[in-house]
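These notes concern the structure reproduced below.
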Amino acid sequence: MDPGVDPDQGLTRRRRPRAVVRVSGFLHRHPLVRLLGLLSAPMLWLVVAYLGSLALMFAAALWSVDSFTGNLIRVPTLDNLRTLITQDVYRTVALRSLAVAASVTVVDAMIALPMAFYLAKVASPGTQRLLVAAVLTPLWASYLVKAYAWRTMLANDGVLSWALRPFGTSGPDFGVVTTGITLGYLWLPFMILPIFAGLQRLPDSLLEASADLGASAGWTFRSVVLPLVFPSIVAGSIFTFSLSLGDYIAVKIVGGSTQLFANIIYDSIAGGTNPPFAAAAALFPVLAVLLYLALIRRTGALENL
Amino acid sequence: MPDAAATPHTEPDTWWAVRLAGLRKTFGTGAGAVHAVDGVDLDIADGEFFSMLGPSGSGKTTVLRMIAGFELPTAGTVRLGGADVTALAPFQRDVNTVFQDYALFPHMSVLDNVGYGLRVKGVRRAERRVRAGEALEAVRLPGYGDRKPSQLSGGQRQRVALARALVNRPRVLLLDEPLGALDLKLREQMQIELKSIQRDVGITFVFVTHDQEEALTMSDRVAVFHQGRVEQVGPPAQVYERPRTAFVAGFVGTSNLLHPDAARAVLGRDGTFSIRPEKLRVVEAGAALAGGEVAADGVVREVVYAGANTRLVVALDAGDELVAVQQNRRESAADVAALRGQRVRLAWRAEHAFELTHAPTPENTDPQAPTSGSGSEPGPSGATHASPR
C-alpha cells in the first residue's frame, strides 16, 4: 500500500497494534478459550475461596481437639455432631434461632409490603426518590452504630421505657424480643427493595381492572397483588432469614443473656478452644438455609426471581 | 338510534345509560395546571355504540376513566342509569372496562380471568365455570379456558378481556382503544366482530379511539373531542358529511376547506366551506357542468397514486388548494401521473359544499399537518394535507 495515500480518507479509526489484532483474531476463532479467559477469575474465586473453604469446614467438623494440650486431632470422629444433637441446650438455642429468623422475616414482610406499595404505586416521583434514598441510607451506616442506637432506645432506662413510663408500663428490655426488633430493623431494606422492584413491574392497569370488576382494595391485594409479588417477598425473605440466622453481634449488644446459635459458633472459635466443634455447629445454619431454599423452590418462586 | 341533537331532553333520567354534565378534570395546580377535560356534556343512550374520537391529549380517555371511576372529576357529574355515581369507587359502579393493554391477570387461567368478576360477586364455582365458558363462546374463543394469558396472541387476549368484562353484564362497557395494539388486518376483523358482539349482547358500548375510520364504521354516534371539549356529536354520516367545525372536518377524513376569499370567488358567498374529496369530479378545464353543480378551475400540483384510487392536489385559481379522490376505473399509474401540471376543472353539486359554523383559527385549523395555521402561509395548504389513514 502506498504510505502517502490514505485509502479511506481517514474514515476508519486508527489502526490497532498488530499483536492486539492477532490475539483478538485468535480469541474470535476459539470460543472455548474465550470463555475460559472470561470466567477463570470468578471461577477461581467461587471454587477455591468459597466452595473450598466450605469443604474444609465440613472436614474440620469431623476433627477434634485434645482436651489436655489443645492441639487439633485430625482423625474423623462424629463426637462433635453427637454432642450437638444429644444435648438439650443446643436444640433449644437452635429452635430459638429459627424462631427469631422466622419472626424477623414475617415482621419485615408485613412492614415492607405497605411501604413498598406506597413507594411504587402511590408516591409522586419526587417523594419516591426521597423515600428510596431514606430506605437505602441506613445500609451505608455502620452496623454497630445502628445496633447501639437500638440499645439506647430499648434499654431498661432507655428512650422507649421513658416514654412508656407515664402509662404504667415499660419497654421490652434486653432479650430475645429486643434482638428480634433490632434484626428486623437492620434487614428491613433487604425486604423493601425487592418488593418495591416487584411492585414497579406490576402494571397499574391490573389493579384498576380488579377494582373495575368489583373487587374491594382488600380483595385486590389478596388475589392480584400478593400472588404477583410473592416471588419478590421470597427474594427478600432469603436475605432476612439467612442474615438473621447468622447474626451473633446484635444479640450480644441488645440480647442480654440470650444466646443464638451463631454465638455458639463464635464462642467456640473466638475462645480458641474448639474450632472443630464450631465447624460442626456451623453445619446447622448451612443446612437450615439449604432446606429453606429447597422449600421455596417447591413453590416455584425461584424461577420468578 | 336516538340522536341527542334531535331528541328533546324530556326523557326520564333512567332512559340514558350515561349522562355527563359539566364534566371537568384539571391535573396539577397553579400555572402548570392542565385542563384535560374542559366542560363536557354528553348523553349516551341505552344500547348505543358510542365512540369518543379525538387525537391524543384531547381528553377522551380521561372522560372514559371518569365514567369508570379511576379519576375523580374536578367538577361536574357522572350519572349512570339515572343514579349519580360521581363520588363512587370503581367497584361500586355498574360499568366494566376493556383496557388498552388488556390488563389480564397473568397468574390466572383464561377461565379464572373471565370468572373474576363473578367470583368477587360470590357466584359459586360451578355456575362461574358455565357462565365464563359461555362468555368465551360469545367472543369466539371456546376451549381456551385452561390456558394462561401468556399463551395467547394479541387478538385472543383482546377477546378474553372483552369476555371478562361482558360476563358481568354491566350496564355500560367502556373500551379504551382496545384495538390499538393489533395489526391492521386483525384490527379490521375485530371491528366487525366487536360491532356484532355488541348487537348480540345489547349492552351500551363507549368506545375510545383516535382512528376516525374505526369510529365511523362501528358507531351509532360519534363524539369528536378536541382540547378537552366535545366539538361535535352525531351519527357517523352526519359528522363526516356535515362537520360543524374546521377541526372536525380535518380530523374526520381529509379536510378540503374553501376559505372566505376563495369561497367568495367560487361560490359567491361569504364564510368558510368544507367539501369532501370524493365529492369532487375532475373534468377538463372549461368543461360543461351538470345541473346544480358548481366548479372551480385550477392546476394539478401533485398526483398521489394509491392503487385503488388517485389523489389529486389541485391549486385553484381562486387561491385555495383542494384534494380530489378519483377511483382508478380505467387509469393506470402512468396515465394519472401525466395529469401533473395540467389545468383541470373541479366540479361538485352545490349542496356538498357546506358552511362551517366556526371559522377556522390558527390553533384549530388542522390537527395533523405540522404546517397548519392559515396565517403563517400564503395558501392554507396545511389543511389539504391531512390524510385519512
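Top to bottom by accessible area (1.4 Å), largest first, where do B:LEU356, A:LEU160 land?
Numbers: B:LEU356 10, A:LEU160 70 Å².
Per-residue accessible area, sorted high to low, gives A:LEU160, B:LEU356.
I'd like the Karplus ³J(HN,Hα) series for the stretch B:159-173: coefficients 6.51, -1.76, 1.60, θ = phi - 60°, whole numbers in Hz, and an x wherever there's a Gly or Pro.
Result, rounded to whole Hz: 5, 4, 4, 5, 4, 4, 7, 5, 4, 7, 6, x, 5, 9, 10.
Roughly how many Å is it from the Cα centre of the stretch B:207-277 to that of the stretch B:132-156, as a whole number?
Result: 39 Å between the Cα centres.
Pairs of Cα atoms under 8 Å, at least six residues apart: use those to get the relative contact order of the stretch A:172-305, whole percent.
On the way: 108 pairs, mean separation 40.9, N = 134.
Relative contact order comes out at 31 percent.
Where the accessible area of chain A is counted over protein heavy atoms with a 1.4 Å probe, how much of it, in %, is carbon and sulfur?
On the way: 12510 of 18390 Å².
Here it works out to 68 percent.
Given axes a ≥ b ≥ c from the Cα gyration tensor, I'd like to know whether chain A is rounded (a/c under 1.5), prolate (a/b larger than b/c) or oblate.
On the way: a/c = 2.14, a/b = 1.21, b/c = 1.77.
Verdict is oblate for chain A.
When a/c is below 1.5 the answer is rounded, else prolate if a/b is larger than b/c, else oblate, so apply that to the protein assembly as shown with a ≥ b ≥ c taken from the square roots of the Cα gyration tensor eigenvalues. Spell out each step's value before the answer.
Details: a/c = 2.88, a/b = 1.96, b/c = 1.46.
Note, shape of the protein assembly as shown comes out prolate.
Relative contact order for chain B: what is it in percent, counting Cα pairs under 8 Å that are at least 6 residues apart?
On the way: 841 pairs, mean separation 59.2, N = 389.
Reported as a whole number, the value is 15 percent.
Taking every residue in B:97-105, how many Cβ atoms of other protein chains lie within 10 Å of its Cβ, on average?
Values: counts 6, 2, 7, 1, 5, 2, 10, 3, 8.
Per-residue shielding by partner chains comes out at 5.
Roughly what % of DSSP beta bridges within the protein assembly as shown run antiparallel, to the nearest 5?
Working: 52 of 71 bridges.
DSSP beta bridges in the protein assembly as shown are roughly 75 percent antiparallel.
Counting protein heavy atoms only and a 1.4 angstrom probe, how many square angstrom of accessible surface do chains A and B bury in total, to the nearest 100?
1700
Can you tell me, using C-alpha contacts under 8 Å and at least 6 residues apart, the relative contact order of chain A as a whole percent? Don't jump to the answer; show the numbers that get you there.
Working: 291 pairs, mean separation 69.2, N = 305.
So the answer I get is 23 percent.
How far, in degrees from 0 to 90, does helix B:125-138 lean away from the longest principal axis of the Cα atoms of chain B, to the nearest 10?
20
Among the DSSP beta bridges whose two residues both lie in chain B, what percent are antiparallel, rounded to the nearest 5? Please report the intermediate quantities before stating the final value.
Values: 50 of 69 bridges.
Percentage antiparallel, nearest 5: 70.
How much accessible surface area, in Å² rounded to 10, belongs to the heavy atoms of B:GLU278 with a 1.4 Å probe?
We get 90 Å² for B:GLU278.
Can you list residues from other chains, or at least 5 along the same chain, whose modelled amide H is less than 5 Å from the amide H of B:PHE207?
Residues meeting the amide H criterion: B:PHE50, B:SER51, B:MET52, B:LEU175.
Within chain A, which complete DSSP H helices have Cα atoms spanning at least 27 Å along the helix axis and a mean Kyte-Doolittle hydropathy of -1.0 or higher?
A:88-117, A:176-201, A:226-246, A:275-299
Given the rule -39500 (n - 2.57) for each run of at least 4 DSSP H residues, summed and divided by the residues of chain B, what is its mean residue ellipticity at 222 nm, to the nearest 500 deg cm²/dmol?
Numbers: 12 runs with 100 residues, N = 389.
Rounded to the nearest 500, it is -7000 deg cm²/dmol.
A:PHE284 accessible area, nearest 10 Å², 1.4 Å probe?
We get 50 Å² for A:PHE284.
Just to make sure I understand: if all protein chains stay in place, what is the order of A:ARG22, B:ARG345, B:ARG24 by accessible area at 1.4 Å, largest first?
Numbers: A:ARG22 160, B:ARG345 50, B:ARG24 100 Å².
So the residues, ranked largest to smallest area, are A:ARG22, B:ARG24, B:ARG345.
Okay, helix-only estimate at 222 nm for chain A: each DSSP H run of n ≥ 4 adds -39500 (n - 2.57), divide by all residues, round to 500 deg cm²/dmol; what do you get?
Numbers: 15 runs with 207 residues, N = 305.
So the helix-based figure for chain A works out to -22000 deg cm²/dmol.
Which whole-Hz couplings ³J(HN,Hα) result when phi for each residue of the stretch A:66-77 is put into the Karplus expression 6.51 cos²θ - 1.76 cosθ + 1.60, θ = phi - 60°, listed in order with x for Gly and Pro?
5, 5, 8, 8, x, 7, 6, 10, 8, 10, x, 8
At 1.4 Å probe size, put B:LYS195, B:LYS148 in order of accessible surface, largest to smallest. Don't skip to the answer; put the middle values down first.
Values: B:LYS195 30, B:LYS148 80 Å².
Reading off the accessible areas and sorting them downward yields B:LYS148, B:LYS195.
Given a 1.4 Å probe and the protein chains all in place, what does the accessible area of B:TYR144 round to, in Å² to the nearest 10?
So the heavy atoms of B:TYR144 present about 50 Å² to solvent.
Find how much the distance from A:ALA270 to A:PHE167 grows on full extension, using 0.36 nm per residue of separation minus their present alpha carbon separation; answer in nm with one decimal. Numbers along the way, then the final one.
On the way: separation 103, 0.36 × 103 = 37.08 nm, distance 4.32 nm.
Contour length minus Cα-Cα distance gives 32.8 nm.
Once amide H atoms are placed 1.01 Å from N in the peptide plane, what residues at a sequence separation of 5 or more from B:PHE225, or on another chain, have their amide H within under 5 Å of its amide H?
Those qualifying (amide H under 5 Å, at least 5 residues apart or on another chain) are B:LEU53, B:GLY54, B:GLU231.
At a Förster distance of 22 Å, what's the computed FRET efficiency of A:ASP204 paired with A:LEU302, Cβ-Cβ distance as r, to 0.05?
On the way: r = 27 Å, r/R0 = 1.22.
Plugging the Cβ-Cβ distance into 1/(1 + (r/R0)^6) gives 0.25.
How many angstrom separate the Cα center of the stretch A:194-269 from the Cα center of the stretch A:103-178?
15
Amide H neighbours of B:LEU104 under 5 Å, counting only residues 5+ apart in sequence or on other chains, H built in-plane at 1.01 Å?
none
From the backbone phi of the stretch B:199-204, what are the Karplus-calculated ³J(HN,Hα) couplings (6.51 cos²θ - 1.76 cosθ + 1.60, θ = phi - 60°) in whole Hz, Gly and Pro given as x?
Once rounded to whole Hz, the list reads 5, 5, 8, x, 8, 5.
The values are calculated or read from the model by the stated rules, or taken from the named source; none is laboratory data. Computed from a predicted model, the values in this text were never measured in an experiment. Cβ sites come from the backbone with ideal geometry, for glycine too, and all protein chains shown count toward neighbours. SASA here: full protein model, heavy atoms, side chains in, ligands and nucleic acids out. Shrake-Rupley method; radii C 1.70, N 1.55, O 1.52, S 1.80 Å.
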